[in-house]
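In what follows, a structure is listed as structure tokens, so that the remarks can point back to it.
The values are calculated or read from the model by the stated rules, or taken from the named source; none is laboratory data. Everything numeric here is computed off the predicted structure, so don't read it as measured data. For neighbour counting, all protein chains shown are included, and Cβ atoms are generated from backbone atoms with ideal geometry for every residue, glycine included.
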Amino acid sequence: MYLGGIESDTSSEYSPTYTKRDINALSMAGSADILLTCMAPAGIANLSSKPFNISGSKSIAELLAKVNPRYHFAAEGVFYEREPFENGKGYTRFLSLGNVKEERWFYAFKINVGLNTSEKPPSGVTANPIKKREFDVDDRSCRICGDQSHLSYNCPQKPKKKRKKLLGRIFPLRF
């Protein structure tokens with residue numbers, strides 16, 4: 001699956017842009033083994049130990065969350081290889097390739113294609129950086145002691161704030 005160009009409100013057949021309509025059309029295609037884009041998805045460096053200073057596209061992040069590819073390649077001009085992350089149906093590996101003859105602009109990989117292919121979890125797997133985690137009120141606990149009966153602002157083990165004692169009274173000067 002390929003999505004080229006930059007995001008725009010309008011697009012023609014030969015323009016180097018894509019729209020929300022293009023994202024929706026690709027999302028309806030279902031899953032893909034490989035996704036090629038010109039831009040990285042927004043938030044791809046979340047939950048990663050490797051920094052990536054490219055803001056990315058929110059639309060491509062939406063597409064990535066819906067398509068769940070096994071590999072996602074972006075042509076950002078900067079080499080970046082993110083740890084694999086769980087996508088709900090397997091694992092996704094994201095790579096941003098550098099400019100030709102400057103940084104690392106190529107990548108060799110082997111992909112097993114088959115109906116009954118089950119992947120072993122790769123090393124260094126993280127949670128999905130694109131999908132927001134569901135908030136469950138029952139799973140809350142205190143950040144200080146870990147007890148689920150209260151939160152950190154009511155924790156009995158919370159250290160008391162020390163107040164500075166004033167040694168004397170300060171009177172304003174009058175002129």
Odd one out for Pro69 among (1) within 14 Å of the chain's Cα centre (by Cα); (2) surrounded by 17 or more Cβ atoms within 10 Å (Cβ to Cβ); (3) under 19 Å from Pro122 (Cβ atoms): (1)
Just to be sure I understand, how many residues within segment 60-101 are farther than 23 Å from Ile111 by Cα, in a loop (DSSP other than H, G, I, E, B) and either small (Gly, Ala, Ser) or in contact with a strand residue (DSSP E or B) (Cβ under 7 Å, 6 or more places away or on another chain) (or both)? 2
Cross-chain or 6+ apart pairs with Cβ under 7 Å, segment 102-118 first and closer than 18 Å to Leu35 by Cβ and in a loop (DSSP other than H, G, I, E, B), then among the aliphatic types (A, V, I, L, M) and at pLDDT below 80: none
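Scanning segment 1-59 for residues that are in a strand (DSSP E or B) and of a type in the set (Val, Ile, Thr), which turns out surrounded by the fewest Cβ atoms within 10 Å (Cβ to Cβ)? First the steps, then the outcome.
At the first step, the residues of segment 1-59 found to be in a strand (DSSP E or B) are 2-3, 6-7, 17-18, 34-37, 41, 57.
Applying the additional criterion that residues be of a type in the set (Val, Ile, Thr) yields 6, 17, 34, 37.
Numbers: Ile6: 11, Thr17: 14, Ile34: 13, Thr37: 24.
Once the filter is applied, the top-ranked residue is Ile6.
Given the residues Pro122, Pro159, Pro129, which is the only one that is over 28 Å from the mean Cα position of the chain (by Cα), modelled with pLDDT of 80 or more and of a type outside the set (S, T, N, Q)? Outline the logic, then answer.
Numbers: Pro122 fails: over 28 Å from the mean Cα position of the chain (by Cα); Pro129 fails: over 28 Å from the mean Cα position of the chain (by Cα).
After applying the criteria, what remains is Pro159.
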